[in-house]
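**Q** First the structure, which I've put down as structure tokens, then a few questions once you've had a look.
We did not get these values from a lab; they are worked out from the coordinates using the rules stated. A quick note: this is a predicted structure, and the numbers were derived from the prediction, not measured. All Cβ positions, even for glycine, are placed from backbone atoms using ideal geometry, and neighbour counts span all protein chains on display.
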Amino acid sequence: MSGIAAIVSCIDGYDPDALHIEKAREAILACLSPVVETERIAIRAALGRVLAEEIVPAINVPATDNSAMDGYAVRFEDLDAGRPAVLREIGSALAGRPYAGGEMPPGTCVRVMTGAVLPAGSDTVVVQEIVRAEGARITVPPGQKKAQNVRYAGEDLRAGVPVLRPGVPLRPAELGLLASLGIGEVLVRRRLRVAMFATGDELASIGEALREGEVYDSNRYTLHAMLERLGVEIQDLGVVRDDPGELEAALRRATREADAVITTGGVSVGEADFVKPLAAKLGEVLFWKIAMRPGRPMAFGRIGGAMLFGLPGNPVAVMVTFYEFVRDALLHLSGRSDNFRLPLLSAAAALPLRKVPGRTEYQRGILFREDGTWKVRTTGQQGSGVLRSMSEANCFIVLEHERGRVEAGEPVQVQMFDGLV
């Protein structure tokens, strides 16, 4: 594999001391190689997994022309455009129980239920609500259209035509599609293996009494939850103290079997003094100052066969940098080839927003609807240590690199939390 420094140095505008978020994303993705190992599993166990084979139907879905509604199968040529047509009912067809009377003669109709095979000779279905039935005498009003309410064979899936490509995530719809083709097992990429730990002498574990200067370690819990949503295998190595020997042991252990390692803390100015020589000893790691708020310091590199993501220590900065950089990187490593970037929507600022040009800001916001317009306001205090701001928010307010102060009513970009945070 090419050296990480060599790869990222080729990116236009690359500056590790003032790195634009888009350049950081570009640099990260340029250095990643997705996992290639696969396994075949039952579709009931495949939710969220990444497809590793092309799916080509062996059958048509639906297999035959069938009725899309409850009603009557008719021959369109028997109908009259200007006046009611009177037909004779000669039988019925249910889903799974076709009409057995052969081809329909002129002037006849067959009672059909939704999903029933269209009787031979018919080409149109008239819904039951508009006809008048008097015994076997069925009166159809004028104004019908040829082929109405008919679902044709192969209309959903056609035999021989690929429907799913490798690299797509298997969601409920894809699993249903596979089942509709009679496929019970599917080839998927293996789950990505991710190791994580937090660093810092000030961190106390839940259940311990806090000593002066200590805080409870929350980052591992938010990290674990965010990783669970991505469906990866997680190895939690706990808290590692600010000691070069302990950190080296943790990194060696984490990179032994994991595809990616995520750490929190230890990458800001001063904290990284002993981390840099250690990273150089074990692999290749770059230390960045990204032009963003929160989450400016970040480390990225490779140790052994694992990619390393060194995130800041403040709780909100951990979540922001994870969602803006690590999430996409892990999905790429998992083998996803679809468009998995988080979308940006537009809303009006409900109140003025303070912003300094020269960095991208991710303010925690509350999106709401008022007077027919989507508006957004902040949750209040925006410090990178105020985790409450994430709990109260339902979106990020994403203020672009070049943008300054935002006045009330101006459009801003938002990134929704629903299904994410």
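**Q** In what sequence, highest mean first, do 385-392, 121-128, 109-116 appear when ranked by Cβ atoms within 10 angstrom? Please report the intermediate quantities before stating the final value.
**A** Numbers: 385-392: 16.0, 121-128: 20.2, 109-116: 21.9.
The peptides rank, most packed first, as 109-116, 121-128, 385-392.
**Q** Here is a further query. Spin-label point model (7 Å from Cα, Cβ direction): what's the E248 to R25 distance in nm?
**A** The modelled label-to-label distance comes out at 3.8 nm.
**Q** Pop out the ³J(HN,Hα) list for the range 342-351 in order, Karplus 6.51 cos²θ - 1.76 cosθ + 1.60 with θ = phi - 60°, rounded to Hz; leave Gly and Pro as x.
**A** Karplus-based 3J(HN,Hα) across the range 342-351 equals 6, x, 10, 10, 10, 8, 8, 5, 6, 9 Hz.
**Q** Further question: In terms of Cα to Cα distance under 19 Å, which aspartates and glutamates are near enough to K375, apart from those fewer than 8 places away along the same chain?
**A** Reachable aspartates and glutamates: E361, E392, E400, E407, E410, D418.
**Q** Here is a follow-up. Counting helices only, and only those DSSP H runs with n ≥ 4, report the 222 nm mean residue ellipticity of the chain as the sum of -39,500 (n - 2.57) divided by its residues, in deg cm²/dmol to the nearest 500. Walk me through the intermediate numbers first.
**A** Details: 9 runs with 78 residues, N = 421.
Helix contribution divided over all residues of the chain: -5000 deg cm²/dmol.
**Q** Mind checking which aspartates and glutamates have their C-alpha under 12 Å from K146, skipping anything on the same chain fewer than 8 residues away?
**A** Straight-line reach from K146, under 12 Å: E77, D78, D80, D123.
**Q** Taking the simple approach of a point 7 Å from Cα along Cα-to-Cβ for both Q128 and M416, what is their distance in nm?
**A** According to this spin-label approximation, the distance is 3.8 nm.
**Q** With +1 on each Lys and Arg Cβ and -1 on each Asp and Glu Cβ, and nothing else charged, work out how big the dipole of the chain is about its Cα centre, in Debye to the nearest 20.
**A** Details: 48 positive and 53 negative charges, 122 e Å.
The calculation lands at about 580 debye.
**Q** While we're here: Under 20 Å between alpha carbons, and skipping anything fewer than 8 positions from K281 in its own chain: which aspartates and glutamates qualify?
**A** Those aspartates and glutamates meeting the cut-off are D242, D243, E246, E248, E257, D259, E271, D273.
**Q** Work out, step by step, the length gained on full extension between L344 and S9: first 0.36 nm times the residue separation, then minus their alpha carbon distance; give nm to one decimal.
**A** Working: separation 335, 0.36 × 335 = 120.60 nm, distance 2.87 nm.
Once the chain is fully extended between L344 and S9, it gains 117.7 nm.
**Q** Within the range 136-177, which residues have the backbone N less than 15 Å from the label spot 7 Å out from I90 along Cα→beta-carbon, could you tell me?
**A** Flagged as within label range: 136-138.
**Q** Starting from the 7 Å offset along Cα-to-Cβ, what nm value, one decimal, do you get for the label separation of A63 and V168?
**A** 2.3
**Q** List the chymotrypsin sites (Phe, Trp or Tyr not before Pro) within the range 265-349 that DSSP assigns to loop and that have no more than 15 neighbouring Cβ atoms inside 10 Å. Intermediate results must be reported in sequence, preceding the final value.
**A** Working: sites: F274, F287, W288, F300, F309, F322, Y323, F325, F340; in loops: F274, F340.
Those satisfying the criteria are F274, F340.
**Q** Something else now. Trypsin sites (Lys or Arg not before Pro), restricted to the range 209-312: which are DSSP loop and have at most 10 other Cβ atoms within 10 Å? If you can, show how the numbers build up before the last one.
**A** Working: sites: R211, R220, R229, R241, R252, R253, R256, K281, K289, R302; in loops: R211, R241.
Qualifying residues, ordered by number: R211.
**Q** How many angstrom lie between the Cα centre of the range 132-186 and the Cα centre of the range 379-421?
**A** The two parts, judged by their Cα centres, are 43 Å apart.
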